[in-house]
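Beneath this line is the structure, given in structure tokens, with notes to follow.
Just so you know, all these numbers are worked out from the coordinates, no wet-lab data involved. Only a predicted model underlies this, so the values are computations on that prediction, with no experimental measurement involved. Heads up, the Cβs are rebuilt from the backbone with ideal geometry, glycines too, and the neighbour counts pull from every protein chain shown.
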Amino acid sequence: MKLIAFNKPYGVICQFSPDHKHLTLKDFIDIPNVYPAGRLDTDSEGLLLLTDDGALQHKITHPKRHIGKTYLAQVEGVPNDETLQKFAQGIELKEFTTKPAIANIIRQPEWLWQREPPIRYRKSVPDAWLQITLSEGKNRQVRRMCTAVGLPCLRLVRCQIGALHIQNLNLGLGEWCEISPQQIFQAA
């Protein structure tokens, strides 16, 4: 059984088949028969897990397992306590209401790499960093949640899955390493 942790750069598609506009996982990972355990959209960065074990993939991704996934979101605007409380209550989106999430304002982490290309800045609109932990993971959920509370997401980085934090892996952008399942499932 193989389990890979990959630090996905911005603009990379979570697939191995070629794409005429973007880099894919194949441009970084030359290991046969591994597939993403969950996804990150093309505009998101950070921790992505890949495995060749279907049971492990299911264990990592199935919502009933309640494996938290933590994201760093740079948003346009500055949230107040009422806005943060909306994350904790669940946010009504078009097709569903999200499960409660934990959202806190943080400083930009010192360990975080620069994004290429950089995000757009507007001098007249402040921005803030949020740390958001979800127990579910639907398509573009963090971005949609931020937009729904009036905080468009400028940058999104997944930094943690379960107990596994990308900072502890010491991976540069586009780098990967083999890990053990225990690194994800151990008590945080």
Residue by residue, what Karplus-based ³J(HN,Hα) values in Hz, rounded to whole numbers, does the range 120-134 have, using 6.51, -1.76 and 1.60 with θ = phi - 60° and x for Gly and Pro? 7, 10, 10, 4, 8, 10, x, 10, 9, 10, 10, 10, 10, 10, 10
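So how much slack lies between ILE106 and VAL78, counting 0.36 nm per residue of separation and subtracting their Cα-Cα distance, in nm? Please list the in-between numbers first.
Working: separation 28, 0.36 × 28 = 10.08 nm, distance 1.11 nm.
Residue separation times 0.36 nm, minus the Cα-Cα distance, leaves 9.0 nm.
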Whole-percent tail of the Cα-Cα distance distribution for the range 68-161, cut at 19 Å, equals 36 percent
Per residue of the range 163-177, what does 6.51 cos²θ - 1.76 cosθ + 1.60 with θ = phi - 60° give for ³J(HN,Hα)? Whole Hz please, x for Gly and Pro, Karplus curve as stated. 8, 8, 10, 4, 4, 6, 7, 6, 9, x, 4, x, 9, 9, 8
Links that overshoot a 24 Å alpha carbon limit, given the list LYS21/LYS64; LYS2/LYS26; LYS94/LYS138: LYS21/LYS64
What is the spin-label model distance, in nm, from HIS165 to GLN89 if the labels are put 7 Å beyond Cα along the C-beta direction? 3.1 nm
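For the chain, what is the mean residue ellipticity at 222 nm derived from helices alone (per DSSP H run of n ≥ 4: -39500 (n - 2.57); sum divided by total residues; nearest 500 deg cm²/dmol)? Working shown, then result.
Working: 5 runs with 33 residues, N = 188.
It lands at -4000 deg cm²/dmol.
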So how do SER124, SER180, SER135 line up by other beta-carbon neighbours within 10 Å, fewest first? SER124, SER180, SER135
Could you tell me the calculated FRET efficiency between SER180 and PHE16, based on Cβ-Cβ distance and R0 = 25 angstrom, to the nearest 0.05? 0.60
Rounded, prolate or oblate: which fits the range 113-188 when a ≥ b ≥ c are the square roots of the eigenvalues of the alpha-carbon gyration tensor, with rounded for a/c under 1.5 and prolate only if a/b beats b/c? oblate
For volume of the Cα convex hull per residue in Å³, the listed values are [x] 171; [y] 104; [z] 131; which was obtained by calculation from the structure presented? [z]
Projecting the Cα atoms of TYR121, CYS14, GLY172 onto the charge dipole of the chain, where Lys and Arg contribute +1 and Asp and Glu -1 at Cβ, the residue farthest towards the positive end is TYR121
Whole-angstrom gap from the range 105-163 to the range 45-62, using each part's C-alpha centre: 22 Å
Quick one: Karplus J couplings for the range 23-38, per residue in order, coefficients 6.51, -1.76, 1.60, θ = phi - 60°, nearest Hz, x for Gly and Pro? 5, 10, 4, 4, 6, 10, 10, 10, 10, x, 6, 9, 9, x, 9, x
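Starting with the highest mean, order 96-104, 24-32 by the number of other Cβ atoms within 10 Å, averaged over the residues of each peptide. Working shown, then result.
Numbers: 96-104: 16.4, 24-32: 14.1.
For the peptides 96-104, 24-32, the packing ranking is 96-104, 24-32.
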If amide H atoms are built 1.01 Å from N in the plane of the peptide, which residues on other chains or at least 5 residues away come under 5 Å of the amide H of THR24? ILE13
Hey, with R₀ at 22 Å, roughly what FRET efficiency would ARG120 and THR147 work out to, going by the Cβ-Cβ distance, to 0.05? 0.85
